[in-house]
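Undergrad: Mind having a look at this structure? Questions to follow.
Every number here is computed from the coordinates shown, using simple stated rules; none is lab data. Here the structure is a predicted model, which is why all the values come from computation and not from measurement. A quick note on method: Cβ atoms are made from the backbone with ideal geometry, for glycine too, and the neighbour counts reach across all protein chains shown.
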Amino acid sequence: MKNKNKVNMKKLLFEGLMLLVVLAGYLGIKIYLAEKVYLLEKVIDGDTVILTGGVTANLVGVDTKGKGEESVALSEQYLRTVLFGKNIWFEREGRGANQGWLWIGCEKAPKFIASDLRKIFSNQWGENPLGCEKGVLINEQIVGMGWSEPYFEGQRGNLRYEQRLRMAGE
């Protein structure tokens with residue numbers, strides 16, 4: 001009986017260790033993707049851009065088409081002007097790998113918390129990420145300019161900067 005308990009304990013410790021290794025690897029990938037700096041390659045429309053490496057970034061919470069062609073054109077011009085030649089960080093969140101938040105003006109590479117773990121480990125919803133305290137959230141700027149209403153149709157749960165966008169749209 002004593003040997004059986006030792007075997008069960010070793011098995012439990014091994015399984016726990018393996019879970020930690022997998023989780024650490026997953027977080028490492030998330031952090032690497034979040035800390036990568038991009039440059040603008042192309043503006044597709046008022047809420048979608050192509051970043052270096054062909055990465056498509058759809059601005060979560062933004063839908064300029066809903067406000068009409070003039071809003072799309074103004075937002076496109078804004079994106080070209082404000083993003084061209086600047087370091088851009090893409091914080092992924094939302095219904096797909098290409099949806100997220102665009103940041104510029106960060107002091108250093110931001111430390112984003114993976115969106116699926118944020119609810120567990122962070123109570124800092126809506127605050128700028130570490131390393132980007134002085135940064136500008138592009139999604140918020142477009143809504144604040146009146147070129148889009150805050151748009152969260154089809155999103156699951158509360159998104160990190162959803163309240164900021166809702167307030168910017170008022």
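Undergrad: Return the FRET efficiency for the residue pair Lys10, Ala97: r is the Cβ-Cβ distance, R0 is 25 Å, and the value is rounded to the nearest 0.05.
TA: Computed FRET efficiency for Lys10 and Ala97 comes out at 0.05.
Undergrad: Multiplying the sequence separation of Lys111 and Glu127 by 0.36 nm and subtracting their Cα-Cα distance, what value in nm do you get?
TA: Full extension from Lys111 to Glu127 adds 4.6 nm.
Undergrad: Please compute the length gained on full extension between Thr81 and Asp45, using 0.36 nm multiplied by the number of residues separating them and subtracting their Cα-Cα distance.
TA: Extending this stretch completely gives an extra 11.6 nm.
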